[in-house]
Structure formats: C-alpha cells, structure tokens
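Visitor: Okay, here's the structure, questions in a sec.
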Amino acid sequence: MLNLKREFRQIYGPAVRLAVISVVLCGLVFPLVITGIAQVFLPSQANGSLVQLHGRNVGSSLIAQNFSLPIFFHPRNDSASGVDPDITVQDARSQIPRISSATSISSDMLKQIVNQNEEGTFWIFGNPYVNVLRINLALIQTNSSAYRAFQ
C-alpha cells in the first residue's frame with residue numbers, strides 16, 4: 001500500500017503541482033498584473049470608458065446604448081454584434097429629418113452638431129463616423145428645451 005502511494009505521487013505529483021502553479025500564474029497573477037498596468041497607463045479605457053452627464057455615469061463610449069426615442073440618434077441596426085457604438089456620418093445625417101421634426105431643432109443646428117462630433121479616420125482608411133452616445137449627449141447639452149427631461 002505504501003508503495004502504491006509513493007508511485008501515485010511520483011507519477012501524478014508533478015502534473016498536479018504544474019496545474020496548481022499554472023492556475024495561480026495564469027488565473028491570478030497575470031490578470032492582476034495586466035489590470036494594474038492598464039490602470040496606470042490607460043485608466044479610462046481600463047474602467048470601461050464611462051461617459052458622464054452631470055456627474056452621473058450614463059453609458060460607455062465603447063458599447064452601443066439603446067436609444068429608441070425619435071428625439072435621439074439611433075445606433076446601427078445591421079451591426080453584427082449589436083454593440084457597435086459608432087455610426088457613419090451619412091447615417092447620422094439621414095436621421096436629422098426625424099430628430100428635427102420630433103424636437104423642432106433646425107436641420108442646420110443638427111448638421112452642425114454632427115459635424116462637431118465627427119471622428120475621422122487615418123488618411124484614406126475607412127469612413128468618418130460619430131459616436132452615438134456622445135452625439136446624443138451633445139444634443140442634450142446644447143438644446144435644453146427639447147431635452148429638459150434628460151437633464
């Protein structure tokens with residue numbers, strides 16, 4: 001019986017020790033180190049790129065928010081993952097008539113807000129886009145009468 005225990009330890013002992021060490025290193029140490037590095041060098045991104053309105057967290061600029069009221073810009077419906085936070089400038093401009101009729105904000109003012117929040121791409125790669133959450137927050141902040149309930 002004593003021999004059997006000794007053989008068991010010799011055969012399976014190294015594998016068990018390696019598994020425990022791997023779990024500790026890969027499951028605890030590595031994630032904590034990476035999280036610490038991210039907190040030091042990229043704190044906003046590490047915390048989810050939260051967007052605030054009047055001191056309250058209202059969403060993340062990295063994940064699409066569910067805007068369904070006609071007074072807001074809507075995210076893309078055909079996004080494969082459903083979490084794309086950006087829409088093309090053309091898509092934003094196509095929503096201007098709906099928002100203008102729902103809020104009585106002039107189309108020119110809405111075009112100006114879209115243009116001010118346009119985020120470009122590097123040189124010739126890709127199309128310009130706007131972040132839906134940021135542009136909707138710009139609407140709330142610049143048009144207090146139409147968005148009084150959200151302030």
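The values are calculated or read from the model by the stated rules, or taken from the named source; none is laboratory data. Computed from a predicted structure; not experimentally measured. Virtual Cβ from ideal backbone geometry, glycine too; neighbours counted across all protein chains shown.
Visitor: What number of residues in region 49-63 are in contact (Cβ under 8 Å) with a residue 12 or more places away in the chain, on the phi < 0 side of the Ramachandran plot and in contact with a Leu (Cβ under 8 Å, 6 or more places away or on another chain)?
Guide: Matching residues across region 49-63 total 5.
Visitor: So in region 79-92, with the set limited to residues that are over 18 Å from Gly59 (Cα atoms) and of a type outside the set (D, E, K, R), which one is surrounded by the most Cβ atoms within 10 Å (Cβ to Cβ)? Don't jump to the end; show me each part of the working.
Guide: In the first step, residues of region 79-92 are kept if they are over 18 Å from Gly59 (Cα atoms); the result is 79-80, 88-92.
Next, only the ones that are of a type outside the set (D, E, K, R) stay: 79-80, 88-90, 92.
Values: Ser79: 13, Ala80: 7, Thr88: 15, Val89: 18, Gln90: 11, Ala92: 25.
Only one residue tops the list, namely Ala92.
Visitor: Conditions: (1) of a type outside the set (Asp, Glu); (2) surrounded by 11 or more Cβ atoms within 10 Å (Cβ to Cβ); (3) under 20 Å from the mean Cα position of the chain (by Cα). Gly55 meets all but one. Number of the miss?
Guide: (2)
Visitor: Which of the residues belonging to region 1-35 are of a type in the set (Ser, Thr, Tyr) and within 30 Å of Asn47 (Cα to Cα)?
Guide: Ser22, Thr35
Visitor: Considering every residue within region 93-107, establish whether at least one is loosely packed, with under 12 Cβ neighbours inside 10 Å, among the polar types (S, T, N, Q) and at positive phi.
Guide: Yes: one or more hits.
Visitor: While we're on this one: Exactly one of (1) on the phi > 0 side of the Ramachandran plot; (2) not assigned by TED's automatic domain parsing to the domain that holds Gln141 is unmet by Gly82. Its number?
Guide: Gly82 satisfies every listed condition except (2).
Visitor: A follow-up question, please. Which ranges mark the helices (runs of 4 or more DSSP H) fully within region 54-146 that have 1 or more residues being under 23 Å from Pro43 (Cα atoms)?
Guide: Numbers: elements: 89-94, 96-103, 107-116, 132-142.
Passing ranges, in order: 132-142.
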